[in-house]
Structure formats: structure tokens, C-alpha cells
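Each remark here refers to the structure printed beneath this line.
Every number in this text was worked out from the coordinates using simple rules, so none of it is lab data. Keep in mind that this is a model prediction, so the values were computed, not measured. Virtual Cβ from ideal backbone geometry, glycine too; neighbours counted across all protein chains shown.
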Amino acid sequence: MNKKIISTYTTFKNPGGAEKVLFKLDNFFKKQGYEVYAASFDKYEDIKNKVDILNDEFINFKKLLTNDYLKNSIVLSHHRKVTTFLKLLNLFNNNFKLIHIAHSVFYNLKYFTLFPSNNIAVSEAVKKNMIDYFNVDEKKIICIYNGIEDINKNANTTLNFNKNEIKIIYPARICKVKMQLELVDYLKDKLDKRIKIYFAGDGEDSEELKEKIQNSENFFYLGKVNNLIELYKNYNFLLLFSEKEGLPLSLVEACMFGIPSITRNVGGCGEVITDRYNGFVVKKLDELLQTLNNLPNLSEDEYINLCKNARKVYEEKFTEEKMFSEYLNYIKNIEENWNRK
């Protein structure tokens, strides 16, 4: 049987956390000797400058379905709509193995979403959502945390703690789910002047955000920042206050750099950040305001402990090597069972 893995998503035009994991896994499996492809509804010329995919390793869905690519392949689907379609196809074509990778929690399309026998959830919160809302059998789901490359092995880039100017980075797509507009509306004119929040990213709400924070003493807009070291090296904390999450890579990245985070208690955020251990976990906007305005009261020792614990959490749970090892073991087990049949 050919060792072939096809990773699927709807589009690679605006790659986010799920797509980053997809490409990382593709590169890893390629090094393990697998024939690797990435598939989406895109045309290659529309994405070639946005993602690191070779032309002969990319498959448009139309081509995927009209050729023999699926035969004897393991398909890793990173999007539930694609999974549902492939699950239906798999009922009539059982010569490929389908694995769904769930990156977020959802509370819609319950009766229009199909899951295969093999599922990977990126957090325990995502796994619980699949069980409780979508009624997926717990035995058919394994949790594997997303891991990231350690680019902070030899240097701690964390900024010295200056109570007179506490710099906070909010790196996320500027959109309704990430709640930047709602956050600014609630916090403006209430924040301590020493608290400086920098929004990094772009998205459909970018222009409205820039308009809202014009001439603000607390809020600043950076736009999209691609260099992780540049993104994190000048900030004391990371802030993420989303409507929903699966397992946010930004929180994991902050831990890797030894930067404490302030986050909302949604999805897998609490699996990365423990309140007052490696950051702060809040539920509502009024709690967020109180937490932000209390930051200047932290002692330097308290801040240093938060930083040390952030790095410790990364090393224990979220390294790239740990993620790769668990995915490889899972794939190997599926292959062995497949070969027996």
C-alpha cells in the first residue's frame, strides 16, 4: 500500500491557525517518507504566494475527485464541511481512510455535519463539544494538542516589566469572533493610562477598528505582523478575548516566548492558561477591565514567575515534537489496522 497523505481545507487564501498546523504536519510526514498533498477549492495561482506549497503537491478538489489520488490514501480533513462531504463519498468509495481534525467548537449545523470513525480534537474542550453537541462517540475521538516550533531556545525575548507602561499584544484576525470592536467599546475611557494594547492582524473589521481607536492613549493598530519574534519581543502580556476558540496558537506562542497571557475562559484557552499561574483567565468584560487595571500592582517577582510558568507550560504540553510524535503514532496505528483487513 502506498504511504500517501492528503490534507484538506476549504481555502488557503487567508491561512490561519488550522492551516498552519496542516502545513506543519504535511512537512513532517514528507520527511517520514509519505507522499504528501494539500487539497482545497482554490486555484494554485491564487495561493502560490501565500502558502509554501509546491505546484505538484497541491490538488484542487475537482482534480482530487476526478483522478485516482484518493486511492489507498489517508485523508486529514481540517474543516468539518469538507469532512461531511468526504464522509458521504467514503460511503461509496472505501479505498481511503478519513480522519477529521477538529480545530474549534461549534454550535450549528448539528444535523448536517457528519464525522468519520477517526477524529482528532485539538483540545479537551473541542472533544467535549463533539461529544455533547454532535453526539460523536467518545471512543472515536483522541485529543492531540497543537504544537509549535521552539524558536526561543537560546534567548528570552520577554520585555522588562515597567509598571509605567505595560504593553499588551492582541494578535488575531480582526473580526467579530475575536471581539476587538466590542472590547474597545467597553474598555475605552475606563483603562488605566499605563495600559497599552496593540492590535496585530487584519480582517473584515480592520477599518472600523482603526477608526474607533484614533488618537487613543490605550489602543494602537499594527496591522499584520508575520515575524513571530518581532511580534512578541516588545510586549509584557498577550491578550485574547474571543467569542469562541478551539486551541489558540497565539496563546501557545506566547507561552513559548515566556510571555503571560490574559484570556477568556472559552474553548481550550483554559488548557493553555491557568489563572494566576501563567496568566489570567476571565469570563466577562468587567473582569477583564479589572484585571487589566490591576496589572501595575504586580510585583516584578510575580511577573517573572508568570513568565517562567508560561515557558514551562509550553515545554510540557505544546512542543512541535510532541505533536508530531502523537500524530505519527495515531497514523501508524490506523495503517496497521487497515493492512490487517
Problem - 11 Å beta-carbon shell around Lys224, net charge (K/R +1, D/E -1) - result: 0
Exercise for the section: Rounded to whole Å and sorted largest first, list the principal axis extents of the Cα atoms in the chain. Expected result: 65, 38, 38
Fill in the blank from the handout: By Cβ neighbour count within 10 Å, fewest first, Tyr221, Tyr170, Tyr330 rank Tyr330, Tyr221, Tyr170
Exercise for the section: Please work out the C-alpha center-to-center distance from segment 210-251 to segment 83-151 and express it in whole Å. Expected result: 29 Å
Completion exercise
Residues Val122, Val282 in order from fewest to most other beta-carbon atoms within 10 Å are Val282, Val122
Fill in the blank from the handout: A chain fully extended from Lys140 to Asn294 at 0.36 nm per residue, minus the present Cα-Cα distance, gains in nm 51.0 nm
Practice task
May I ask you to list the trypsin sites (Lys or Arg not before Pro) in segment 234-316 that are in a DSSP loop and have at most 11 other Cβ atoms within 10 Å of their Cβ?
Solution key: Lys283
Exercise for the section: Calculate how steeply helix 300-317 sits against the longest principal axis of the alpha-carbon atoms of the chain, using the helix alpha-carbon long axis, and give the answer as 0 to 90 degrees to the nearest 10. Expected result: 0 degrees
Problem - Charge tally in the Cβ shell below 12 Å around Ile169, where Lys, Arg are +1 and Asp, Glu are -1, Ile169 excluded - result: +1
Fill in the blank from the handout: For 192-198, 138-144, ranked highest to lowest by mean beta-carbon neighbours within 10 Å, the order is 192-198, 138-144
Handout entry: Of Lys97/Lys332; Lys167/Lys244; Lys4/Lys71; Lys139/Lys312; Lys3/Lys322, those spanning more than 19 Å from alpha-carbon to alpha-carbon
Key = Lys167/Lys244; Lys139/Lys312; Lys3/Lys322
Problem - Partner aspartates and glutamates for Lys317 [C-alpha distance under 14 Å; skip if fewer than 8 residues away on the same chain] - result: Glu124, Glu149, Asp150, Glu253, Glu271, Glu326
Fill in the blank from the handout: Magnitude of the Cβ-charge dipole (Lys and Arg +1, Asp and Glu -1) of the chain about the Cα centre, nearest 20 debye, reported as 840 debye
Exercise for the section: Arrange the following residues from fewest to most other Cβ atoms within 10 Å of their Cβ: Phe161, Phe318. Expected result: Phe161, Phe318
Problem - Qualifying aspartates and glutamates (Cα of each under 20 Å from Cα of Lys188; at least 8 residues distant if same chain) - result: Glu165, Asp205, Glu207, Glu208, Glu211, Glu217, Glu243, Asp286, Glu287
Problem - segment 158-222: GluC sites (Glu not before Pro) falling in loop per DSSP and having at most 14 other Cβ within 10 Å - result: Glu165, Glu204, Glu217
Problem - Exceeding the 32 Å Cα-Cα cut-off - candidates Lys31/Lys140; Lys24/Lys308; Lys20/Lys196; Lys210/Lys283 - result: none
Practice task
Return, for the Cα atoms of segment 166-317, the radius of gyration and Dmax in Å, separated by a comma.
Solution key: 14.2, 42
Handout entry: Stretch gain in nm, segment Asn72-Gln214, where the contour uses 0.36 nm per residue and the Cα spacing is subtracted
Key = 45.5 nm
Fill in the blank from the handout: Nearest-0.05 FRET efficiency for Thr274 and Lys193 at R0 = 30 Å, using Cβ-Cβ distance, is 0.55
Exercise for the section: Just add up the charged neighbours of Phe106: K/R +1, D/E -1, any other residue whose Cβ is under 14 Å from the Cβ of Phe106. Expected result: +3
Handout entry: Length released on extending from Lys62 to Lys153, taking residue separation times 0.36 nm less the Cα-Cα span
Key = 28.5 nm
